[in-house]
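Working notes, structure below.
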Amino acid sequence: MKHTLTALALVVAAPLALAQATQGVSKNEIVIGSIQDLSGPIAGFGKQVRLGMMLRVDEANEQGGVNGRKLRLIVEDSAYDPRKAVLAAQKLVNQDKVFAVVGHIGTAQNMAAMPVQFEKNVLNFFPVTAARQMYEPFHRLKYSFAAPYYDQMLIAAPMLYKQKNATKACTMYQDDEFGLEVMRGAEDGLKTIGVTLAEKTTYKRGATDFSSQVARMKAAGCDFVVLGTIIRETIGAIAEARKTGFNPTFLGSSAAYTDLIHKLGGKAMDGLYATMTVQHPYLDDTSREISFWANKYKTKFNEDPTVFSVYGYNAVDAFIRAATKAGPNLTTDSFIKAMDSMTIPPDIFGSAEMTFSPTKRLGSNATRLSQLQDARWKVVSDYMTPKK
């Protein structure tokens, strides 16, 4: 009798173990989740990431899916609030039983949601944030694609400073971890060429008036300004500077690399530099491949794509590559094994090659520069990587 019960227990336990190991994977389907800001301060970004993801999911499903399984994408709204991100993660992990969370937007939001996912062995794959915490400290369920803000500035600030024959550097940055990472990278990068920041000025999230910060940098005689800003603050600072006749070289991070800068800020934004990776997908791009993709997106969703559309599209594309490589027996372990020997080649948008290993969970820390010229982003440098 005892042996019979033991055998019965094993029979019951086996399917349970299998189900636990392959949450979100059934015979015909792979369920993936994403958490976006669809109603908060960066809803413009979140909606575009979502549409980019949807486009790649639909393409894959039209071609038969991944090893015969169709992809199903479930997107939850965090409103850019870490507490809501936790609730969204709980729903995706416990109720929807997703295999992975892909392309989650926001640093604080990812930080809050990851413990919920990791407790249930759910991957955090290619979050849309350039924070180092997306791959550090190491965790087997973390994979990141975005060159970190720190590395972006470590490389770009000294290079552009020398190129412009600048004589004095300043910075204005958001008083939080994002802004600090931009400032730290610029400070450490400029040190390598013997330059210190003559003036550091900050602002609180949500600020709309930057007159005092701009006045301080102008008074210091700075001709090179690093901006740890996103959309509204980038526009506000540059507009204020132009108004007062202060025209230094402005350098922003990838957080300022968006079409919204020139759409909302107008001609005054011309001349701004920003670090970036993939290029903005203009409908009339000189690259026929980018133009074709952009017009396909426009036809499907009736709106112009942005660089955030590309981030969403590429995150799903990378997921498909790894899930395909993992083979028909898709589990978290087989996916990780596939990713840990993965090389993702440059794409039509100009992404740098990405490589992963059992100890390397950031695809690439290469960055390049773009500049706003005639209200349009133009790539103005090759890829650069920090010297180790």
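The values are calculated or read from the model by the stated rules, or taken from the named source; none is laboratory data. What you see is a predicted model; the values in this text were computed from it and never measured. Every residue, glycine as well, gets a Cβ built from its backbone with ideal geometry; the counts of neighbours run over all protein chains shown. Side chains included, ligands, DNA and RNA excluded: accessible areas come from the protein's heavy atoms. Shrake-Rupley method; radii C 1.70, N 1.55, O 1.52, S 1.80 Å.
State whether the residues of region 261-271 include one that is in a loop (DSSP other than H, G, I, E, B), open to solvent by less than 40 Å² (accessible area, probe 1.4 Å), over 26 Å from Ala166 (Cα atoms) and modelled with pLDDT of 95 or more.
Applying the first criterion (in a loop (DSSP other than H, G, I, E, B)) to region 261-271 yields 270-271.
Imposing the further condition that a residue be open to solvent by less than 40 Å² (accessible area, probe 1.4 Å) reduces the set to 270-271.
From what is left, the residues that are over 26 Å from Ala166 (Cα atoms) are none.
Scanning region 261-271, I find no residue that is in a loop (DSSP other than H, G, I, E, B), open to solvent by less than 40 Å² (accessible area, probe 1.4 Å), over 26 Å from Ala166 (Cα atoms) and modelled with pLDDT of 95 or more, so the answer is no.
Could you figure out which of (1) modelled with pLDDT under 95; (2) small (Gly, Ala, Ser); (3) in a loop (DSSP other than H, G, I, E, B) isn't true of Ala166?
Checking Ala166 against (1) modelled with pLDDT under 95; (2) small (Gly, Ala, Ser); (3) in a loop (DSSP other than H, G, I, E, B), the one that fails is (1).
Can you pull out every residue in region 237-260 that is touching a strand residue (DSSP E or B) at 6+ places or on another chain (Cβ under 7 Å), open to solvent by 10 Å² or more (accessible area, probe 1.4 Å) and part of a helix (DSSP H, G or I)? Walk me through how you get there before you give the answer.
Narrowing region 237-260 to residues touching a strand residue (DSSP E or B) at 6+ places or on another chain (Cβ under 7 Å): 237-238, 248-254, 256-257.
Imposing the further condition that a residue be open to solvent by 10 Å² or more (accessible area, probe 1.4 Å) reduces the set to 248-249, 254.
Scanning region 237-260 gives a single hit, Ser254.
Filter region 281-302 for residues that are in a loop (DSSP other than H, G, I, E, B) and open to solvent by 10 Å² or more (accessible area, probe 1.4 Å); which is nearest to Tyr257 (Cα to Cα)?
Filtering region 281-302 for residues in a loop (DSSP other than H, G, I, E, B) gives 281-287, 302.
Among the residues that remain, those that are also open to solvent by 10 Å² or more (accessible area, probe 1.4 Å) are: 282-287, 302.
On the way: Tyr282: 14, Leu283: 17, Asp284: 19, Asp285: 17, Thr286: 19, Ser287: 19, Asn302: 22 Å.
Here the residue is Tyr282.
Anything in region 328-367 that is open to solvent by 10 Å² or more (accessible area, probe 1.4 Å), closer than 30 Å to Leu283 by Cβ and either in a helix (DSSP H, G or I) or in contact with a Pro (Cβ under 8 Å, 6 or more places away or on another chain) (or both)? List them, or say none.
The answer is Ala352, Glu353.
Being assigned to a helix (DSSP H, G or I), at pLDDT 95 or above and open to solvent by 20 Å² or more (accessible area, probe 1.4 Å) is the filter here, so list the residues in region 60-83 that pass it. First the steps, then the outcome.
Looking only at region 60-83, we keep the residues that are assigned to a helix (DSSP H, G or I), and these are 60-62, 82-83.
Pick out the ones that are also at pLDDT 95 or above and you get 60-62, 83.
Those that are assigned to a helix (DSSP H, G or I), at pLDDT 95 or above and open to solvent by 20 Å² or more (accessible area, probe 1.4 Å): Asn61, Glu62, Arg83.
Pairs only if they're at least six apart or on different chains, beta carbon under 6 angstrom, first in region 114-131 and touching a residue at least 60 places away in the same chain (Cβ under 8 Å) and part of a strand (DSSP E or B), second open to solvent by less than 30 Å² (accessible area, probe 1.4 Å) and among the hydroxyl-bearing types (Ser, Thr, Tyr); list them, first residue then second.
Within 6 Å, the pairs are Phe125/Tyr143; Val128/Tyr311.
Mind checking which residues of region 225-236 are surrounded by fewer than 23 Cβ atoms within 10 Å (Cβ to Cβ) and small (Gly, Ala, Ser)?
Gly236 - this is the single residue of region 225-236 that is surrounded by fewer than 23 Cβ atoms within 10 Å (Cβ to Cβ) and small (Gly, Ala, Ser).
Given the conditions (1) of a type outside the set (Phe, Trp, Tyr); (2) in contact (Cβ under 8 Å) with a residue 60 or more places away in the chain; (3) open to solvent by 40 Å² or more (accessible area, probe 1.4 Å); (4) farther than 30 Å from Asp223 by Cα, and given that Leu87 satisfies all but one, which numbered condition is not satisfied?
(2) is the only condition that Leu87 fails.
Would you check if Ser370 is in a strand (DSSP E or B), of a type in the set (S, T, N, Q) and buried (at least 21 other Cβ atoms within 10 Å of the Cβ)?
Working: in a strand (DSSP E or B): yes; of a type in the set (S, T, N, Q): yes; buried (at least 21 other Cβ atoms within 10 Å of the Cβ): yes.
Answer is yes for this residue.
From the list Gly179, Gly185, Gly189, which residue is at pLDDT below 95, in a helix (DSSP H, G or I) and surrounded by 24 or more Cβ atoms within 10 Å (Cβ to Cβ)? Step through it out loud before you land on a result.
Values: Gly185 fails: at pLDDT below 95; Gly189 fails: at pLDDT below 95.
Just a single option satisfies the conditions, and that option is Gly179.
Conditions first: (1) touching a residue at least 40 places away in the same chain (Cβ under 8 Å); (2) surrounded by fewer than 24 Cβ atoms within 10 Å (Cβ to Cβ). Pro305 passes all but one, so which condition is the exception?
Failed condition: (2).
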